[in-house]
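Report on the structure given below.
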């Protein structure tokens, strides 16, 4: 057993899937032992196999396994871990879970519970970050409680407006409204959807930015107030507010704009008392104005594109920071080299987006220069219908965007997954799209792309 | 994080490594106690200048004991041919699950939660059930402790206890076989 001089000797990973594997890989490189937790249907998942220790914590439904706080803490105590890494999703942005970890003397790898709670309330987050110097989209500062109030506000802001859930995320509880006649119904349906999804029906109204880009800034902050940014990720290619593909750097951000947005995010995070890795999400309009949307207080699915172009290991930094180490980098150390693209491979029909669970009968991973695949499946693996449909992420890195697109194409062509349907063919088509290749993308891209391809299919 | 909060045994063991400058018989006794209480097979403690390793032979039924170095992971993942890859490290419950798999004629009582298995209501009390005990659906057969809560587990079956798959004080996972009942 190699001597490990680190403060953390053992970490429990309160997650599943590719991110659990991703965290294990870094722990192995750091000489830290890992404990996997899993539901009974995930027994054959790779994170269980590659962790040093593992325990089944409950049945398939997440509420009884991956969201089961007593079972996770109980496992952490049985295996005597120093810290818990929550990954993304599940308990990653639960301030309550972070507090319980604190109370049990187990380090939660993430920002303080106070910050998680503050950023979890989207209305409060916008107010606080606006005070901390970030521009925000014009809109209601508080939840809209009546139709009259909504109408008055929307007139002030000017149509189109968007109605959003206060506790929202993932596109649920959102409605775009183009005229006053549509507003009443939109408020009602958004509120109903929000109540069903988040157990909180409060909604707010803001200016709807047409054809914006979704640009986010990755930050790293230590527990001593040092904070830097690692540049941006372009995440405009989304379907129903779910990201499909991400890249870094963005084709439209000049070094000056990167500095302006990055410095603003860093200044706000410093004021907030942020620590660990985090992401400030912005909308960027066609005139180069940017508006703060929300902050994700966790590692993100698309973090690898930043890792590729900056050579930083974000998970490693999260762990180091949680151990109480100083950041050790300054903003001047930031290096952005080449171009990276990530495609999310989902077990879905590439045309209808219907989930496609089943057994993977053949599986080939692409390799070669500049290709990284983060996954937890293998040939013979059974994709269950219990969790999200993402089974792998293919990430490529090359000197230029053009070379990265060529690299992604050949990587996707070599990615063989049989037995289930996946979104590989969809990504291959996007790689050939002239608008995508020209970097002419916005959050409306998929709408355009699907309409175009739908028409073609009908004509054939 | 406040240091004066009540701590579990396991956590105490870790915190104990920090201040202690050398080995002290009192602490060693405490460690041995911890090893027994928690049903651990092995315990290793490292501090500046010394290292203690305690191993308990009675728990020898566990193949890869907790804390022992796992064998190196086999073949790369992506092309793993077997649909059920064997876990290379320590997996709670593997031993009992394998044992119970051979007892197909028995009704198995699985653990409903992850936690620590206790056969009796207190260390000095008699076990709830023994081999040969007759149980009904509401008979309490054991306690599973999770986060300091003692959860009484009922048989939910009628018959005679013929197998006990786990030892007192052993950690168990969700779904792990605890008892075999012949009806």
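Some points to look at:
- For segment B:121-149, residues that are more than 12 Å from chain A (Cβ to nearest Cβ) and within 15 Å of the chain's Cα centre (by Cα) total 2.
- Restricting segment A:371-396 to residues that are surrounded by 18 or more Cβ atoms within 10 Å (Cβ to Cβ) and in contact with a helix residue (DSSP H, G or I) (Cβ under 6 Å, 6 or more places away or on another chain), the residue that is nearest to residue A:350 (Cα to Cα): A:394
- Flag: residue B:167 matches the condition of being more than 14 Å from every other protein chain (Cβ to nearest Cβ) and in contact with a helix residue (DSSP H, G or I) (Cβ under 9 Å, 6 or more places away or on another chain).
- The criterion of at least 3 residues that are more than 14 Å from chain B (Cβ to nearest Cβ) and at pLDDT 95 or above is met by the following strands (runs of 3 or more DSSP E) wholly inside segment A:271-390: A:276-284, A:290-296, A:339-346.
Per-residue answers, yes or no, for (1) out of contact with any strand residue (DSSP E or B) (no Cβ under 7 Å at 6 or more places or on another chain); (2) closer than 24 Å to residue A:300 by Cα; (3) more than 12 Å from chain B (Cβ to nearest Cβ):
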residue: A:51; (1), (2), (3): no, yes, no
residue: A:58; (1), (2), (3): no, no, no
residue: A:62; (1), (2), (3): yes, yes, yes
residue: A:73; (1), (2), (3): yes, yes, no
residue: A:76; (1), (2), (3): no, yes, no
residue: A:85; (1), (2), (3): no, yes, yes
residue: A:89; (1), (2), (3): yes, yes, yes
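- Residues satisfying the stated conditions in segment B:99-120, i.e. assigned to a loop (DSSP other than H, G, I, E, B) and more than 17 Å from the chain's Cα centre (by Cα): B:102, B:103, B:104, B:105, B:106
- Residue in segment A:96-115 that is more than 14 Å from every other protein chain (Cβ to nearest Cβ) and closer than 30 Å to residue A:288 by Cβ present: yes
- Segment A:7-41, residues that are within 16 Å of residue A:384 (Cα to Cα) and touching a residue at least 40 places away in the same chain (Cβ under 8 Å): A:15, A:16, A:17, A:18, A:39, A:41
The values are calculated or read from the model by the stated rules, or taken from the named source; none is laboratory data. Owing to the predicted nature of the structure, the values given are computational and were not obtained by experimental measurement. All Cβ positions, glycine included, derive from the backbone under ideal geometry; neighbour counts span all protein chains shown.
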